[in-house]
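Comments concern the structure below.
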Amino acid sequence: MKKGLIIIVVIVAVIGLIAAWIGSSYNSMVGIDEGVKSQWGNVQNAYQRRSDLIPNLVNTVKGYAQHEQKTLTDVMNARANATQMKISPDQLTSENLQKFQQAQGELSNALGRLMMVREAYPDLKANQNFIALQDELAGTENRISTERNRFNELAKAYNTTIRKFPKNIIAGIFGFSQKAYFEADQAAQQAPKVEF
C-alpha cells in the first residue's frame, strides 16, 4: 500500500512539473508575442508621426513652389496610400509586411522628390518653417529606423523561442506562428552609381 502511494505521488509530481513547465513556456511565449505586438505599435506610431508632418511640409512648399503641383499631389497621394495600409499585429506575415513596406517606400520616394524641389527655390530653402519641418522629418526617419530595428530584434527573439525544441511543440499546440521581419528595400540592394 505504501509503495503504491509513493508511485502515485511521484506520478502526480511529474505531471505537476510537466504542467508547470507547459504553463511557464506558454506564458513566456505570450509575453514575447505581446512584446512584438507592442513594438509593432511603436513602428506604426513612428510612421504616423511622419504622416502627420507631411501636410505641414506640403503647405509650406505650396506657398513657394506654385509650379510643383504634381510633386505635391504625388506626396499627398502616397501619404493617403501609406496611411490606408494597416496591418494588425496578428497579420504580420511576409506578404503583408512587404505590402506595408511598399506603401511606405512610395511615400519615401515622393518625399525625396519634394525635398529636391527646395533646390529650385532659394527662398524656400531659407524658410525657417521648412527647415524646422525638414529637421523634424529627418528625426522621424531616424525614429522609424530605430523602431523597425527593435521590431526585428523582438520578432527574432519570438521566432527563435517558438522554433526551439521542445517549445516548438507547445507553440504548435497553442497556435503561435512566426512573425515577419522588415527587410531592406529592393532598391537598397544596389549601390548608387557615383560619377564625378
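The values are calculated or read from the model by the stated rules, or taken from the named source; none is laboratory data. Being a predicted model, the structure only gives us computed values, none of them experimental. Neighbour counts run over all protein chains shown; Cβ positions are idealised from the backbone, glycine included.
Taking the numbered list (1) of a type outside the set (A, V, I, L, M); (2) touching a Phe, Trp or Tyr at 6+ places or on another chain (Cβ under 9 Å); (3) not in a loop (DSSP other than H, G, I, E, B) in turn, LYS86 passes all entries but (3).
Taking the criterion of being touching a residue at least 60 places away in the same chain (Cβ under 8 Å), over 30 Å from GLN91 (Cβ atoms) and of a type in the set (S, T, N, Q), the residues of region 38-79 that qualify are ASN56, THR60. Between ASN159, ASN142, ASN168, the distinction of being surrounded by 14 or more Cβ atoms within 10 Å (Cβ to Cβ), out of contact with any strand residue (DSSP E or B) (no Cβ under 8 Å at 6 or more places or on another chain) and either in a helix (DSSP H, G or I) or at pLDDT 95 or above (or both) belongs to ASN159 only.
Hey, does region 14-24 have a residue that's in contact (Cβ under 8 Å) with a residue 40 or more places away in the chain, in a helix (DSSP H, G or I) and either under 23 Å from LEU154 (Cα atoms) or of a type outside the set (A, V, I, L, M, F, W, C) (or both)? Steps first, answer last, please.
Our first condition is that a residue be in contact (Cβ under 8 Å) with a residue 40 or more places away in the chain; within region 14-24, this holds for 22.
Now narrow it down to the ones that are in a helix (DSSP H, G or I): 22.
Retained after the next criterion (residues that are either under 23 Å from LEU154 (Cα atoms) or of a type outside the set (A, V, I, L, M, F, W, C) (or both)): 22.
Yes, there is a match, as at least one residue in region 14-24 is in contact (Cβ under 8 Å) with a residue 40 or more places away in the chain, in a helix (DSSP H, G or I) and either under 23 Å from LEU154 (Cα atoms) or of a type outside the set (A, V, I, L, M, F, W, C) (or both).
Going by what's in this entry, would SER28 be described as out of contact with any Lys or Arg (no Cβ under 7 Å at 6 or more places or on another chain) and either among the β-branched types (Val, Ile, Thr) or without any contact (Cβ under 8 Å) to a residue 12 or more places away in the chain (or both)? No; evaluated as a whole, the condition is false for this residue. When the residues of region 100-148 are filtered to those that are hydrophobic (A, V, I, L, M, F, W, C) and without any contact (Cβ under 8 Å) to a residue 12 or more places away in the chain, the one that is nearest to VAL75 (Cα to Cα) is MET116. Does GLN91 satisfy the condition of being buried (at least 17 other Cβ atoms within 10 Å of the Cβ), out of contact with any strand residue (DSSP E or B) (no Cβ under 6 Å at 6 or more places or on another chain), under 17 Å from ALA180 (Cα atoms) and not basic (Lys, Arg)? So GLN91 fails the test.
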